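The values are calculated or read from the model by the stated rules, or taken from the named source; none is laboratory data. Note that the structure is predicted; figures quoted are calculated from it, not measured. Don't worry about glycine lacking a Cβ; one is built from the backbone with ideal geometry, like all the others, and counts go over all protein chains shown.
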Amino acid sequence: MDFILRAIVCCCAKPSTPPPTPTPTQPRTPRGAACEQARQTTAWGPEPIGAVFTEIHWLEVQPGNFCLGPQQTLELPLQTRPPTLPPPPPTFRRPWREIPWRDKDTELQYVRNYKPNRHDVQHLRMLVHGPVGAGKSSFINSVDSVLRGRIAGRALAAAEVTTSFTKKYKTYKIPKGQPGEFYPFVLNDTMGLEMKEDRGVHAEDIKLALKGHVRDGYTFNPASKLSSDNLYYNAEPTKNDKVHVLVCVVPADKVALMTKDDVRKMTDIRRAASELGIPQLAVITKIDLACPEIHKDLKNVYKSKYLKDKMQKFSDFAGIPMNCIFPVKNYSEESDIKNDVDSLILSVLRRIIDFGEDFISDMET
Ligand SMILES: Nc1nc2c(ncn2[C@@H]2O[C@H](COP(=O)(O)OP(=O)(O)OP(=O)(O)O)[C@@H](O)[C@H]2O)c(=O)[nH]1
Ligand SMILES: [Mg+2]
């Protein structure tokens with residue numbers, strides 16, 4: 001709607017200089033150096049209420065302005081504010097990775113059918129590590145829940161996350177069908193990593209666990225690594241004791257704040273795993289807390305620009321390629337399983353199994 005703005009405009013010229021003659025019909029000129037200069041010499045209020053055209057540039061008019069210079073009254077039509085572009089949408093039009101949301105059963109069947117190809121390996125061992133409170137125990141519970149078809153809570157998860165809630169090295173087997181029957185893979189939970197040297201799990205203990213030297217039930221000691229004379233030290237690990245896939249769990253809401261220093265211990269562990277040829281992937285948790293679009297609908301996971309950006313950032317920091325990073329929402333407050341949550345968990349579980357199986361196949365006999 002056209003209406004007239006009566007505004008007092010400061011011409012930012014010196015008092016001795018006659019004010020420029022306003023020419024309302026003059027075509028608009030883009031903001032340039034003169035405009036900048038005018039901006040710098042004018043005292044602006046908080047919110048623009050319109051815009052006026054002076055001889056050389058457009059100025060936003062603020063309530064309760066202006067400067068003390070010579071004044072002049074202008075009457076101008078206020079269609080003058082430069083058009084503001086709408087903010088870009090927070091989501092991509094199409095997902096950048098496909099998840100078979102409607103085909104959970106096929107993914108579930110793939111996991112159910114899995115058996116290690118080698119007869120001398122009974123189960124594939126996945127070791128879960130990552131910062132304190134990242135959702136490591138919750139991820140293990142979530143896998144357990146998906147495969148059992150009901151919410152499971154064996155790997156105790158913490159409500160407060162200042163120091164690691166998990167203190168022990170523990171192996172979780174998942175029951176399958178008949179009593180005494182288990183899936184041919186196990187998940188190892190660990191104490192959380194902390195930046196300070198004497199806090200959180202000792203990085204050397206995770207390295208020992210990778211080689212199968214840490215026995216189940218060992219209580220981590222942040223001050224010192226497991227010594228070879230400890231009862232929990234396994235001097236002669238078998239193929240089943242060794243770790244076959246390393247899973248790094250990182251919370252999406254913290255990735256934005258991470259520095260290279262924060263991932264130093266993680267990188268150290270990753271390097272040790274690489275030397276042993278152990279495949280690695282990262283699971284990004286708490287995506288529902290980090291991104292409102294995902295909170296609204298989990299199916300937005302691969303449409304969220306925010307999440308893709310954070311995944312890319314983590315990939316750069318930790319040196320884990322994007323195609324080895326998987327976002328999940330863990331079961332945290334739900335009392336029943338949900339298809340969307342299951343689908344994402346299964347998508348990563350499938351990759352973990354594939355990576356682990358490749359490693360087992362290549363292991364020396
Ligand atoms: N909303 C939401 N909450 C989560 C998610 N994953 C974990 N949580 C919550 O985060 C808190 C910490 O989770 P844990 O599984 O105990 O984390 P952890 O890595 O095992 O922690 P430590 O053992 O203490 O190192 C718990 O309150 C979980 O319910 C997630 O994907 N979404
Ligand atoms: Mg834990």
When every residue in segment 170-181 that is out of contact with any Phe, Trp or Tyr (no Cβ under 6 Å at 6 or more places or on another chain) and surrounded by 15 or more Cβ atoms within 10 Å (Cβ to Cβ) is compared, the one farthest from residue 123 (Cα to Cα) is 170
Quick one: residue 164 ticks every box in (1) assigned to a loop (DSSP other than H, G, I, E, B); (2) within 16 Å of ligand 1 (Cβ to nearest atom); (3) under 27 Å from residue 300 (Cβ atoms); (4) in contact with an Asp or Glu (Cβ under 9 Å, 6 or more places away or on another chain) except a single one, so which number is it?
-> (3)
Please determine, by comparing only the residues of segment 167-182 that are away from ligand 1 (no atom under 15 Å from the Cβ) and under 18 Å from residue 331 (Cβ atoms), which one is farthest from the chain's Cα centre (by Cα).
-> 175
Inside segment 212-257, can you point out the residues that are under 19 Å from residue 269 (Cβ atoms), β-branched (Val, Ile, Thr) and more than 15 Å from ligand 1 (Cβ to nearest atom)?
-> 214, 243, 245
Residue by residue through segment 149-169, note down the ones that are at pLDDT below 80, buried (at least 16 other Cβ atoms within 10 Å of the Cβ) and away from ligand 2 (no atom under 12 Å from the Cβ).
-> none
When residues of segment 171-204 are limited to those that are touching a His at 6+ places or on another chain (Cβ under 8 Å) and not in a strand (DSSP E or B), the one modelled with the highest pLDDT | 190
How do the strands (runs of 3 or more DSSP E) wholly within segment 233-329 filter down when requiring 3 or more residues that are in contact with a helix residue (DSSP H, G or I) (Cβ under 9 Å, 6 or more places away or on another chain), under 30 Å from residue 117 (Cα atoms) and not aliphatic (A, V, I, L, M): which remain?
-> none
